[in-house]
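Report on the following structure.
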Amino acid sequence: MARGKVKWFDANKKYGFIKPDDGSPDVFLHLSEVMKAKLPHLRPGVLIAYTLEIEDGKRSAKELSPVPSNADPKSPAETMDEPLNDFADGFEKEWGLRQA
C-alpha cells in the first residue's frame with residue numbers, strides 16, 4: 001500500500017488530496033472512501049495508507065487505512081508546500097467539479 005499525508009480535506013466539498021510520501025503527484029480523495037474506511041477526521045498532516053487507482057490519468061485513493069502518528073516525526077507544516085487555493089481550483093476544474 002502507498003502512504004501519504006492528508007494535504008487538505010473538505011467534508012462540505014466531499015473531497016480532498018493526499019501528498020504521497022514517495023514524492024509522486026497528489027492523489028484525489030473522495031468522501032465515500034473516507035466513509036468506507038470509517039475514518040473520523042482527516043486533518044492536514046494525518047498519515048494514511050491507501051491503494052492508488054489511476055483511471056484516465058487521474059490518481060485517486062481507495063481502501064484507506066490509518067497509520068499511527070508516531071510512524072512519521074515530520075510536522076504537518078512540513079508537508080504543506082503549495083498554495084492550496086490555486087491547486088484546488090485547478091483540480092476541481094480537471095475533475096469537472098467546477099466550471100472553467
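The values are calculated or read from the model by the stated rules, or taken from the named source; none is laboratory data. Note that this is a predicted model, so its numbers are computed, not measured. We place every Cβ from the backbone using ideal geometry, glycine too, and count neighbours over all the protein chains shown. The protein model used for the area step is the full one, side chains on, heavy atoms only, and it has no ligands, DNA or RNA in it. Shrake-Rupley method; radii C 1.70, N 1.55, O 1.52, S 1.80 Å.
The residue that is nearest to the chain's Cα centre (by Cα), among those in segment 2-17 that are surrounded by 13 or more Cβ atoms within 10 Å (Cβ to Cβ) and outside any strand (DSSP E or B), is LYS14. Only one entry of SER60, SER24, SER65, SER32 meets the criterion of being among the polar types (S, T, N, Q), at pLDDT 70 or above and either in a helix (DSSP H, G or I) or in contact with a Pro (Cβ under 6 Å, 6 or more places away or on another chain) (or both), and that entry is SER32. Restricting the first member to segment 6-21 and to residues that are within 12 Å of VAL46 (Cα to Cα), and the second to residues that are open to solvent by 40 Å² or more (accessible area, probe 1.4 Å) and β-branched (Val, Ile, Thr), the beta-carbon pairs closer than 7 Å and six or more apart or on different chains are VAL6/VAL46.
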